[in-house]
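The structure under discussion appears below in the form of structure tokens.
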Amino acid sequence: MSTQSVQVSHEFFPVATMRHAYLMCPPRFYDVNYVINPWMTGNLHATSSARALEQWRSLYHALRGIADVMLLEPQSGLPDMVFTANAGLEHNGIVILSSFRHIERQPEENFFRRWFSSRGYTIIELPREISFEGEGDALFSNDRSLLWAGYGMRTTKESHAFLSRSLNIEVVSLHLVDPRFYHLDTCFAPLADGYILYYPPAFGTASLARIEDYYPMAKRIPVSEEDACNFACNAINLDRTILLNNVSEKLRERLETAGFQMISLALDEFLKAGGAAKCLVMELNHPAIPMGKT
Ligand code: ARG
């Protein structure tokens, strides 16, 4: 399969189904062209397109084994568009579109808007001055009863009240304090069966207390700094399967003991831009599916 041969269909509309779906964007124009997070420092134009494509494909194929994967056409000059977690946040057919903090990523918004609106999602937009970076900074608890939302680096705290009102859901704000973990999905991953995979030092004291108050000790899986820097928390979880970048044997054993099956993938080309497995996908709770199939 070449990225060119990946068919981007235009006839999809959102319908609630049992099958999980994700949105991905092939890395045809992926590179590090600017520096907007610490991982990008020193990596300007240091990516290999061939390796990035190979790594992206391995994630795409692994995910296709367990879920539907929708594709978005990449755009030249928008190298970070591959990180579709930042397209927005979808809930019950409503998409809160991202309002990027950095000017470098703002042109992506048009393409994301077009994709969601042409598939019938209801789109809600924030004012330009309120930043919100989609699922990168907003993750549902496993039972979807509350939304954990990060702030401090990219997303502004004011966006959280807006999310709560628009989606009619309780939002818990989490203060991110380590610039290496600038999006919530780089240090926090709610997992099936009420587990939480997280890197405690990435959070302010009150936020960490809030997390540890919600998740009982037996359900907490804290990761080491080394695993956190390998983006262990940037994990995609579907039922008992977890897809993530290569992590330590110790963490692998811990997750297996908790009943998870892991699919570890080399995603180091994407670490150069500050992303890994979870950043490369956006979850579609009400997936777009071909009309006529329901
Ligand atoms: N270079 C991108 C940025 O700094 C990486 C985005 C990673 N995405 C994520 N959901 N954590 O915006």
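The values are calculated or read from the model by the stated rules, or taken from the named source; none is laboratory data. Since the structure is predicted, the reported quantities are computational estimates derived from the model, not experimental observations. Here Cβ is always computed from backbone atoms with ideal geometry, including for glycine, and neighbour counts include all displayed protein chains. Surface accessibility is based on the protein's heavy atoms, side chains included, excluding ligands, DNA and RNA. Shrake-Rupley method; radii C 1.70, N 1.55, O 1.52, S 1.80 Å.
Quick notes
- Failed item, numbered, when Arg119 is tested on (1) among the basic types (Lys, Arg); (2) at pLDDT 95 or above; (3) closer than 24 Å to Pro26 by Cα: (2)
- Across the stretch 139-160, the qualifying residues are those that are away from the ligand (no atom under 15 Å from the Cβ) and touching a Gly at 6+ places or on another chain (Cβ under 9 Å), and the one among them that is least open to solvent (accessible area, probe 1.4 Å) is Ser141.
- Selection of strands (runs of 3 or more DSSP E) fully inside the stretch 176-294 by the criterion of at least 2 residues being more than 19 Å from Asp143 (Cα to Cα) returns 241-245, 261-265, 288-290.
- If you filter the stretch 106-138 down to residues that are within 16 Å of the ligand (Cβ to nearest atom) and among the small types (Gly, Ala, Ser), you find that the one that is farthest from Leu72 (Cα to Cα) is Ser131.
- Residue check, Ile103 part of a loop (DSSP other than H, G, I, E, B) and among the β-branched types (Val, Ile, Thr): yes
- One residue alone among Ser49, Ser76 is open to solvent by 60 Å² or more (accessible area, probe 1.4 Å), closer than 10 Å to Pro27 by Cβ and modelled with pLDDT of 95 or more, and that residue is Ser49.
- Among (1) open to solvent by 50 Å² or more (accessible area, probe 1.4 Å); (2) in contact with an Asp or Glu (Cβ under 6 Å, 6 or more places away or on another chain); (3) within 14 Å of the ligand (Cβ to nearest atom), the one test that Ser98 misses: (1)
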